[in-house]
Amino acid sequence: MSENGSVSRTNVRTPNNNERPFVTVSFQDILWNDQAVYSNAAGLENAIEAYRAKDPFQSADIVAHSNGGNVVTRYMETDNSVNFHNFISVGTPYNMRATNGQPATDMLLSLVAGADRLNHNMNVINVIGSAIGDSSTDTVVSRDSALAGSHIFYGNVTSFSNLYLTGNDGVHPNQASSEQLAQILSTHLDL
């Protein structure tokens, strides 16, 4: 999705025989602040509606990396027109830039407050990384910030679990293309 709101579309997986589509959305605006999350959540809604206009679907799986997990969570709390069966967040700073031991940020408090509007039939997997030799961070996101997803999802969805990436795969910039994440996606999304 471009900064002007335009959407370019590429088929990732075409729905056949009631197969849920797997949609990938990326944003040019990768700012790490509350306003960017709100703006990109509205952009995500537009992107999904543009996709659904061409290939209507009611159910889907969604995967988000880094701050994309906050964007997707905000979107799901404001628009429930798509039944997301599986949501996999990877390296998401649910407590934004807070370091370990810091109190909840406004973003986390807002996402927790909206959690009752989530699809309660959804399965959520929160994938957490770590730096080599330092489990307190994945070099970008603190462990506590990533673990804060439990405050949003636990008890508000059918299932919630934390999974961990290790070694080079656990380092934030490596997560999205890691072998361990590919295995998680293959296992949980039937790819």
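Looking only at the range 85-93, decide whether some residue is open to solvent by 10 Å² or more (accessible area, probe 1.4 Å) and touching a Phe, Trp or Tyr at 6+ places or on another chain (Cβ under 9 Å).
So the first thing to find is which residues in the range 85-93 are open to solvent by 10 Å² or more (accessible area, probe 1.4 Å), and the list is 85-86.
From what's left, touching a Phe, Trp or Tyr at 6+ places or on another chain (Cβ under 9 Å): none.
Checked against the condition, which is being open to solvent by 10 Å² or more (accessible area, probe 1.4 Å) and touching a Phe, Trp or Tyr at 6+ places or on another chain (Cβ under 9 Å), the range 85-93 yields no hits at all.
Output the residue which, of all residues in the range 69-101 that are of a type in the set (Ser, Thr, Tyr) and either in contact with a Cys (Cβ under 6 Å, 6 or more places away or on another chain) or not in a loop (DSSP other than H, G, I, E, B) (or both), is nearest to ASP190 (Cα to Cα).
In the first step, residues of the range 69-101 are kept if they are of a type in the set (Ser, Thr, Tyr); the result is 73, 75, 78, 81, 89, 92, 94, 99.
Next, only the ones that are either in contact with a Cys (Cβ under 6 Å, 6 or more places away or on another chain) or not in a loop (DSSP other than H, G, I, E, B) (or both) stay: 73, 75, 78, 89.
Details: THR73: 22, TYR75: 24, THR78: 27, SER89: 17 Å.
Filtering the range 69-101 for residues that are of a type in the set (Ser, Thr, Tyr) and either in contact with a Cys (Cβ under 6 Å, 6 or more places away or on another chain) or not in a loop (DSSP other than H, G, I, E, B) (or both), the one nearest to ASP190 (Cα to Cα) comes out as SER89.
Condition first: of a type in the set (Val, Ile, Thr), over 15 Å from THR73 (Cα atoms) and buried (at least 17 other Cβ atoms within 10 Å of the Cβ). Can you find one or more residues in the range 160-172 that meet it? Walk me through it before giving the result.
The initial filter retains those residues of the range 160-172 that are of a type in the set (Val, Ile, Thr), namely 166, 171.
Applying the additional criterion that residues be over 15 Å from THR73 (Cα atoms) yields 166, 171.
Keeping just the survivors that are buried (at least 17 other Cβ atoms within 10 Å of the Cβ) gives 171.
Looking for residues that are of a type in the set (Val, Ile, Thr), over 15 Å from THR73 (Cα atoms) and buried (at least 17 other Cβ atoms within 10 Å of the Cβ), one finds at least one in the range 160-172, hence yes.
Cβ-Cβ distance below 8 Å, separation of 6 or more or different chains: which pairs start in the range 180-191 with a residue that is in contact (Cβ under 8 Å) with a residue 40 or more places away in the chain and end on one that is surrounded by 11 or more Cβ atoms within 10 Å (Cβ to Cβ) and part of a helix (DSSP H, G or I)?
So the pair list comes out as LEU181/ASP169; LEU181/GLN175; LEU191/LEU185.
Of the conditions (1) in contact with a Lys or Arg (Cβ under 9 Å, 6 or more places away or on another chain); (2) of a type outside the set (Phe, Trp, Tyr); (3) modelled with pLDDT of 65 or more; (4) farther than 22 Å from ILE128 by Cβ, ILE48 fails just one. Which one is it?
Evaluating ILE48 over (1) in contact with a Lys or Arg (Cβ under 9 Å, 6 or more places away or on another chain); (2) of a type outside the set (Phe, Trp, Tyr); (3) modelled with pLDDT of 65 or more; (4) farther than 22 Å from ILE128 by Cβ leaves (1) as the failure.
Would the range 72-85 turn up any residue that is touching a strand residue (DSSP E or B) at 6+ places or on another chain (Cβ under 6 Å), in contact (Cβ under 8 Å) with a residue 40 or more places away in the chain and either among the polar types (S, T, N, Q) or over 19 Å from SER59 (Cα atoms) (or both)?
No, the conditions are met nowhere in the range 72-85.
Would you tally the residues in the range 111-141 being in contact with a Lys or Arg (Cβ under 8 Å, 6 or more places away or on another chain) and open to solvent by 10 Å² or more (accessible area, probe 1.4 Å)? I'd like the intermediate steps shown before the answer.
Narrowing the range 111-141 to residues in contact with a Lys or Arg (Cβ under 8 Å, 6 or more places away or on another chain): 111, 114, 128, 130, 135-137.
Checking the rest, the ones that are also open to solvent by 10 Å² or more (accessible area, probe 1.4 Å) come to 130, 135-137.
Number of matching residues: 4.
The values are calculated or read from the model by the stated rules, or taken from the named source; none is laboratory data. Everything quoted here is computed from the prediction, not taken from an experiment. Ideal geometry is used to build each Cβ from the backbone, glycine not excepted, and the neighbour counts take in all protein chains shown. Heavy atoms of the whole protein, side chains included, go into the accessibility calculation; ligands, DNA and RNA do not. Shrake-Rupley method; radii C 1.70, N 1.55, O 1.52, S 1.80 Å.
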